[in-house]
Each structure stands twice: as structure tokens, then as C-alpha cells.
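Input: a single structure, listed below in C-alpha cells.
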Amino acid sequence: MTKVLIAGGGVAGTATALALHQLGIPAQVYEAHPSGGDDAGAFLTVMANGMAALAAIGAAESVVDASYPAAAVALSDAAGRHLGNRPIPGPARTLRRATLYRVLQDLAVARGIPVRHGSRLVDAAAGRGVEVRFADGSRAAGDVLVGADGIHSPTRRLIDPQAPTPRYTGRHVVYGYADGDPAGGAPDTYHMVSGGRAFFGYTAPGDGRTWWFARIGGERGAGATTAAQWREFALDAVRDDATPAALIIEATDAAAVVGGESYDIPTTPHWHNDRMVLVGDAAHAASPAAAQGASMALEDAVALAEALRAHADPAAAFAAYEERRRAETEETVAASARLNSASG
């Protein structure tokens with residue numbers, strides 16, 4: 001294996017480059033966006049399995065330095081009744097998606113891994129190697145292509161033109177960052193509220209703000225378009241609950257809100273061909289309910305790199321990687337779908 005091309009510079013793509021670098025396999029990352037990637041305004045939790053994967057690629061310490069601990073979940077209902085607590089198996093960390101992108105990409109650059117922004121893949125042709133064409137007309141050639149290009153992955157369609165399209169989960173998801181800590185939350189605890197019209201979660205990690213999200217049921221396209229509209233959409237869904245949710249949203253400037261629709265992919269029949277392979281959301285997108293999207297992508301990165309080191313033939317490596325990861329990821333996607341249906 002002499003050169004791996006990676007389409008996508010988000011969590012899955014950059015982590016794959018770092019994992020390959022650890023094993024002495026050259027890789028180059030091509031990121032479609034000028035910086036960061038999709039959904040960069042949201043936040044996420046890297047769970048214990050994801051932190052173990054980060055440790056395997058020498059990135060755990062950097063992520064810890066840029067994040068906050070997530071140790072417990074406190075549950076309550078729409079009437080404000082406390083329903084119980086449960087620990088989050090650790091170590092688990094909370095950070096903005098954009099921060100995770102930055103940390104991983106900074107590590108890649110520091111280790112001499114090329115990361116090229118503004119390179120949107122539009123086509124690829126495979127033979128004895130693979131040649132990739134980008135939207136700006138430039139091209140790149142390598143031995144294999146890793147599609148880490150997200151839930152709407154072009155690589156997935158290159159591998160299988162009949163690949164399934166993402167499925168709308170029936171939920172809109174809104175994220176925001178409120179000034180201060182109006183609810184008085186513990187800094188390492190997620191407070192989860194099963195409200196009358198929305199499932200609302202918040203945490204005050206210690207940066208002077210309260211980070212929150214709302215999952216709200218509704219038809220596709222029935223949410224909002226601007227940040228201000230997403231704020232009002234979320235506020236309207238929680239205002240009748242006897243919880244701190246409305247107070248938190250009211251303390252949030254519209255500029256600190258991002259919203260959208262939630263999609264998943266229950267199964268992708270073909271993860272690879274002889275020269276192309278999928279990782280992360282391109283292969284197995286889950287709804288946010290299980291909080292495992294980033295962690296699964298990080299585990300994919302380690303598994304794929306180890307398979308490419310163990311097998312000289314790319315197709316054999318891809319098959320070994322898929323065998324290791326498919327069942328577990330599909331189970332997680334299904335579990336997240338069940339959690340999503342039961343809340344919000």
C-alpha cells in the first residue's frame with residue numbers, strides 16, 4: 001500500500017488518516033468545505049469506545065484538552081419531576097463538532113499528513129489504482145479511495161449506484177449555546193427532559209454557557225430555515241413544559257443556534273468494491289439519540305487502518321474491515337432509531 005486518498009476531512013476521514021499514519025501508510029485528506037465540515041455548529045459526546053480509538057491514534061490527550069467531561073445523565077419529565085440518574089461509562093467527553101474537526105486536522109498537519117480544503121469529490125475511476133476528480137477540475141491518483149464524505153456520500157453511490165438514500169427519522173434537531181447557566185446544572189452532567197412536544201437536553205460544561213439541544217417531531221420540511229426561526233421553533237416546542245428548557249432557550253442569542261433534520265441509514269448493502277471503501281456516516285449513519293456517531297467513526301478509522309496493514313490486497317483488507325465493523329454498527333444504528341422513536 002503506497003497511497004490512500006481520503007474524501008472527507010471530518011471525524012472519520014481525518015481519524016483514518018491519523019490511524020494510517022500511525023501504521024506507516026501514507027494518506028492524503030481532501031475536504032470539500034473551505035474549513036471544518038457539515039454540522040460544525042453542533043456539539044457531541046465522544047463516548048468511552050471513541051476515546052479508546054482516539055488513544056490508539058495518539059489523539060486522546062489533544063481531545064481531552066479541548067473538551068469537557070461527561071459523567072452522568074439526569075432524567076426528568078415535562079412536569080419537572082426528577083426520574084433518576086445514570087452514569088455515563090467513562091471516559092466520555094463533550095465538545096463542539098467544529099472543535100473536534102480542528103483538533104484532528106491540526107494533529108494531521110503537525111504529523112505531515114496533507115489536508116487539502118475546498119476539494120469536493122465528484123467522480124472516481126478504479127483500475128489498478130484509483131483516480132479521483134474534484135469539482136474544481138483537479139485530480140488525484142492513489143491506490144485506494146476512502147469515502148469519509150458523510151451521510152450524503154458521493155463515494156457510496158460510486159461504489160453502488162443503487163445504494164440507499166438517507167432516511168428522515170421524523171425529528172428536527174436544534175442545537176444552541178445559552179449565555180450563563182440559567183438552570184444551575186452540574187458541569188459534568190447532561191440533563192435530559194422528556195417534554196410534551198420535544199426531547200430536550202442540556203449541560204453547562206464550564207465555559208460560561210449552557211449547551212442544549214432539542215429533538216422535535218414533525219414532517220420533513222416543516223421546521224425552519226434561519227437561525228432565528230430555529231430558535232423560535234425550539235422555544236415553541238418547550239414553552240408549555242414545567243422545566244428550565246424555555247428559560248435556557250430564551251437566554252440564547254439566535255446567532256448561537258443551528259437546526260436541521262435528522263437522518264439515518266439503517267443499512268448500506270455494499271461498503272466497498274476493490275478500490276473504494278466507506279467509513280463513518282457514509283457507511284452507517286445513526287440518529288443522534290445514541291450519541292455514538294463520532295465514536296463509531298473513530299472505531300472505523302482504527303479498524304480500517306489495521307486491516308490495510310494486515311492485507312496487501314485492498315479488497316481483502318476491505319472485506320476484513322467490514323466483517324469487523326458491520327454487525328456492531330448496524331446494531332447501534334437500530335438502537336439509536338429505537339431511542340429516537342421513543343423520545344421527542
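Only the coordinates and a few stated rules stand behind these numbers; no lab work does. Quick caveat, the model's predicted, so the values are computed rather than measured. Using ideal geometry, Cβ is built from the backbone for each residue, glycine included, and neighbour counts are taken over all protein chains shown.
Taking amide H positions as modeled 1.01 Å from N, with prolines and chain starts lacking one, the residues under 5 Å from L278 and 5 or more places away or on another chain are G147. Across segment 280-296, rounded Karplus estimates of 3J(HN,Hα) from the backbone phi angles (6.51 cos²θ - 1.76 cosθ + 1.60, θ = phi - 60°) give x, 4, 4, 9, 7, 6, 10, 5, x, 4, 8, 6, 10, x, 5, 5, 5 Hz, Gly and Pro being marked x. Based on C-alpha pairs under 8 angstrom that are at least 6 apart in sequence, segment 1-107 has a relative contact order of 31 percent.
Along the Cα-to-Cβ line of K3, 7 Å from the Cα, sits a label point; which residues in segment 107-127 have backbone N less than 13 Å from it? In segment 107-127, the label zone of K3 (backbone N under 13 Å from the point 7 Å along Cα→Cβ) covers 114. Between the C-alpha center of segment 290-318 and that of segment 45-122 there is a gap of 18 Å.
The A135 and D65 beta-carbon pair, evaluated with R₀ = 35 Å, returns a calculated FRET efficiency of approximately 0.50.
Each label point was placed 7 Å from the Cα along the Cα-to-Cβ direction; for L83 and Y168 their separation is 2.6 nm. For G118, neighbours were defined as the other residues whose beta-carbon sits under 12 Å from its Cβ, and their charges (Lys and Arg +1, Asp and Glu -1) total 0. A DSSP coil position with no more than 12 other Cβ atoms inside 10 Å describes the following GluC sites (Glu not before Pro) in segment 184-271: E219.
Here the calculated FRET efficiency for A186 and A255, from their Cβ-Cβ distance with R0 = 22 Å, stands at 0.25, rounded to the nearest 0.05. Residues in segment 155-177, backbone N under 20 Å from the label point at A222 (7 Å along the Cα-to-beta-carbon vector): list them, ranges by number please. Taking a point 7 Å out along Cα→Cβ of A222, the residues of segment 155-177 whose backbone N falls under 20 Å are 167-175. Normalised by the number of residues in the chain, the mean separation of alpha-carbon contacts (under 8 Å, six or more apart) gives a relative contact order of 22 percent.
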